[in-house]
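The values are calculated or read from the model by the stated rules, or taken from the named source; none is laboratory data. What you are looking at is a predicted structure, and each value in this text was computed from that prediction instead of being measured. When we count neighbours, we look across all protein chains shown, and the Cβ atoms used for this are built from the backbone with ideal geometry, even at glycine.
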Ligand code: 4GY
């Protein structure tokens, strides 16, 4: 898969491209990545990439001509790839969107700076807008890296032979189960014994239950969105019955006969 980033700050991407799984994927040509700088398409001697907003107001706007020329160069390098603008106004980015984008041969990521980009560039050259969250950053570079990171690990071969992104529980819309490594006793806290049992079926069952309960406790919205499979209903019903039994075993309020009791 091929990535072209349109950015006024290409150096911001060198660390990202030079380390870890992303660096290995580039080295092994599983992906390619490069940057195009709109400043290289300015024509004045100050290489001006911004200008004052029509109508007045605070801050500056990205000048349309250099940005448009940079996006056109990116599109010439990747004629099939959509140009994605990173903006809080875009479609909320999630694992499903990452999956859709990873199925494409290439991606052009357009990073805004200042107060925004001239609307007419978006109209004619941007194919899609994506947001990484409901907050405002100083530029689209971090969102572009975030999107690339989530997409790259879904590209076949990028994670290497040791792991497959398909097996992540988030690929099923749930949070990941708890993870443990040595030592068995860390500051008095033990690893759940089932994980030391060598019983692979029991370990699988524990992990599914753990991931489901964590999702219920931390992110109910994820469960509401996607619904429950039959095994998941059974796990939650078991918890539900256990909680009911605990509640039934409690004395009713106002029935404690002891002195000072209710
Ligand atoms: N949130 N999700 C985001 C952002 C900042 C365009 C300059 C976000 O994707 N991008 O906050 N981008 C950019 C937006 C103008 C600042």
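Here's the yes/no breakdown for (1) more than 14 Å from the ligand (Cβ to nearest atom); (2) modelled with pLDDT under 95; (3) over 30 Å from residue 41 (Cβ atoms):
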site: 93; (1), (2), (3): no, no, no
site: 99; (1), (2), (3): yes, no, yes
site: 107; (1), (2), (3): yes, no, no
site: 154; (1), (2), (3): yes, no, yes
site: 165; (1), (2), (3): yes, yes, yes
site: 171; (1), (2), (3): yes, yes, yes
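In the set 95, 29, which member is free of Cβ contacts under 8 Å to residues at least 12 places away in the same chain, surrounded by fewer than 20 Cβ atoms within 10 Å (Cβ to Cβ) and within 30 Å of residue 160 (Cβ to Cβ)?
On the way: 95 fails: free of Cβ contacts under 8 Å to residues at least 12 places away in the same chain.
From the options 95, 29, the qualifying one is 29.
May I ask you to verify whether residue 15 is within 16 Å of the ligand (Cβ to nearest atom) and either at pLDDT below 95 or not in a loop (DSSP other than H, G, I, E, B) (or both)?
Working: within 16 Å of the ligand (Cβ to nearest atom): no; either at pLDDT below 95 or not in a loop (DSSP other than H, G, I, E, B) (or both): yes.
No; evaluated as a whole, the condition is false for this residue.
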Residues to consider are 136, 151; find the one that is over 16 Å from residue 106 (Cβ atoms) and either touching a residue at least 24 places away in the same chain (Cβ under 8 Å) or surrounded by 12 or more Cβ atoms within 10 Å (Cβ to Cβ) (or both). 136
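Taking into account only those residues within region 52-91 that are part of a helix (DSSP H, G or I) and away from the ligand (no atom under 16 Å from the Cβ), which is surrounded by the most Cβ atoms within 10 Å (Cβ to Cβ)?
First, the residues of region 52-91 that are part of a helix (DSSP H, G or I): 64-77.
Cutting the leftovers down to away from the ligand (no atom under 16 Å from the Cβ) gives us 65, 69, 72-77.
Details: 65: 15, 69: 18, 72: 15, 73: 17, 74: 24, 75: 18, 76: 10, 77: 15.
Of everything passing the filter in region 52-91, 74 is surrounded by the most Cβ atoms within 10 Å (Cβ to Cβ).
Criterion first (in a helix (DSSP H, G or I) and either on the phi > 0 side of the Ramachandran plot or in contact (Cβ under 8 Å) with a residue 12 or more places away in the chain (or both)) does residue 198 satisfy it?
Values: in a helix (DSSP H, G or I): no; either on the phi > 0 side of the Ramachandran plot or in contact (Cβ under 8 Å) with a residue 12 or more places away in the chain (or both): yes.
Judged against the criteria, residue 198 is not a match.
Yes/no per residue for (1) within 14 Å of the ligand (Cβ to nearest atom); (2) on the phi < 0 side of the Ramachandran plot; (3) modelled with pLDDT under 95:
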residue	(1), (2), (3)
24	no, yes, no
37	no, yes, no
47	no, no, no
126	yes, yes, no
